[in-house]
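Where a number appears in this text, it was derived from the coordinates with a stated rule and is not lab data. All figures in this text were calculated on a predicted structure; none of them were measured in a lab. Cβ: placed from backbone, ideal geometry, glycine included. Neighbour counts: every protein chain shown.
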Amino acid sequence: MIYKNILRPILFLIDPEKIHDIATYAGKIAGKIGPIKYLLSVFYNYKHSALVQTVDGIKYQNPIGLAAGFDKDAHLTQVLPSMNFGFEEIGSVTALPCSGNPKPRLWRLPKQKSLVVYYGLKNGGAHEIASKLQKLKFSFPLGISIAKTNCKETADVDVAIKDYYESFIILKKYADYIAINISCPNAYGGEPFTSKERLDKLLTKLDTVDYQKPRYIKVSPELSLEQIDELIEVADKHKISGFIIGNLVKNREELNVPEKEFAKVGKGGISGKLTVKASNEMISHVYKKTQGKYTIIGCGGVFTAEDAYEKIKAGASLIQLITGMIYEGPSMMKRTNKGLVKLLRRDGYKNISEAVGVGNREKNL
Ligand SMILES: Cc1cc2nc3c(=O)[nH]c(=O)nc-3n(C[C@H](O)[C@H](O)[C@H](O)COP(=O)(O)O)c2cc1C
């Protein structure tokens, strides 16, 4: 209530990227101060055995994770567990440092509870981030998202593959899972690895990396069903444990938003409520088709426990979010986790894993 009624209206008067930077800085400092972390956990911590699950060999205390893109440079790994996050994905990290696209590059669409994002993979680069991670210990699973450096050179597929490979090699020792981001809508050269031949080539190279933990592919929720089916076929031949569904959406025509709202913002991908339909439809499709063979991490427009539960019943084992936290505030994760336990109990499930995909299991359809 305090966040939505007092803090948010003030924060939303300020440039979104500035607020993002300030929040990241505050979180970084808070993560270094034991008493602050303790206080945060007094306010925000909530644990329940119904939320604990092991996914692809990694144990999660709860299913709610911070999606890639909020903590690009790994500043928040020490504070997020005190805010009831069950895991986080840092990055996307690229082999070379990158300052991203020109500013402004982040806008709010408050009426639509969404954001427009045109960062363009701003990050400190794999070496800098590895040297930061090297000094830290983690009290929750840490995923690392890798992408190709946003520059002209990586428009060449072989250069791009080398870029992913280098980041993977540099960062693998710190990652509980690796997310291969092939769906950044804002980088030079677009999304070349959504073609099956190129994805096959990329994954063939990444298969050579000695890494025994899960590898997930982050896809656009706007791929056609034929396209995602092709990517699944490619994944079948490689060391892939699942899919993160999904990234930002690009296609503004489908979104039913008055033109005057988009006139206030710049170009870029869209997050938040406007992604829900595409994300949930894609999760359902992939689960129906693969029936649990692949882990699904559901992402896009989660603001409440009900939103998370819908993705879980559609087939997601884990949930990621950014925009919900920005609109709902720091108590959102606790509220969502608590709400999930209630929903699981209502439906007679002892553990979240029992609910994964119930809406799309073959025997229930
Ligand atoms: C500010 C911002 C930056 C993002 N940067 C990345 C990124 O670097 N890599 C990535 O895989 N996704 C990135 N995303 C996409 C999110 O991870 C997520 O897929 C998308 O925002 C939908 O989730 P949400 O509706 O909960 O925000 C970014 C999103 C936002 C809002």
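Ala23 meets the conditions (1) surrounded by 19 or more Cβ atoms within 10 Å (Cβ to Cβ); (2) within 19 Å of the chain's Cα centre (by Cα); (3) under 16 Å from Ser271 (Cβ atoms) in every case but one. The failed one is (1). In region 285-323, the qualifying residues are those that are polar (S, T, N, Q) and surrounded by fewer than 21 Cβ atoms within 10 Å (Cβ to Cβ), and the one that is farthest from the ligand (Cβ to nearest atom) is Gln291. Out of curiosity, is Glu354 surrounded by fewer than 19 Cβ atoms within 10 Å (Cβ to Cβ), charged (D, E, K, R) and within 16 Å of the ligand (Cβ to nearest atom)? Here the answer is no, as Glu354 does not meet what is asked.
What do you reckon, is Asn150 within 15 Å of the ligand (Cβ to nearest atom) and out of contact with any Pro (no Cβ under 9 Å at 6 or more places or on another chain)? Here the answer is yes, as Asn150 does meet what is asked.
When Tyr119, Tyr165, Tyr188 are checked against the criterion of being crowded, with 21+ Cβ neighbours inside 10 Å and more than 27 Å from Lys59 (Cβ to Cβ), a single residue qualifies: Tyr119. I want to confirm something. Restricting to region 140-197 and keeping residues that are under 14 Å from Arg215 (Cβ atoms) and polar (S, T, N, Q), which single residue is farthest from the chain's Cα centre (by Cα)? Going through the qualifying residues, I end up with Ser167.
The set of residues in region 274-284 being closer than 15 Å to Leu115 by Cα and surrounded by fewer than 21 Cβ atoms within 10 Å (Cβ to Cβ) consists of Val276 alone.
Scanning region 2-57 for residues that are in contact with a helix residue (DSSP H, G or I) (Cβ under 6 Å, 6 or more places away or on another chain), over 30 Å from Ser99 (Cβ atoms) and part of a helix (DSSP H, G or I) gives Ile36, Lys37, Leu40, Ser41, Tyr44, Ala50, Leu51.
What residue, among those in region 217-273 that are more than 14 Å from the ligand (Cβ to nearest atom) and small (Gly, Ala, Ser), is surrounded by the most Cβ atoms within 10 Å (Cβ to Cβ)? Per the stated criteria, the residue is Gly242.
Among the residues making up region 29-80, those that are away from the ligand (no atom under 14 Å from the Cβ), within 19 Å of Leu344 (Cβ to Cβ) and within 21 Å of the chain's Cα centre (by Cα) are Leu51, Val52, Gln53, Thr54, Val55, Lys59, Tyr60, Gln61, Asn62. Taken as a whole, the structure places Leu7 among residues that are under 24 Å from Asn337 (Cα atoms) and of a type in the set (A, V, I, L, M).
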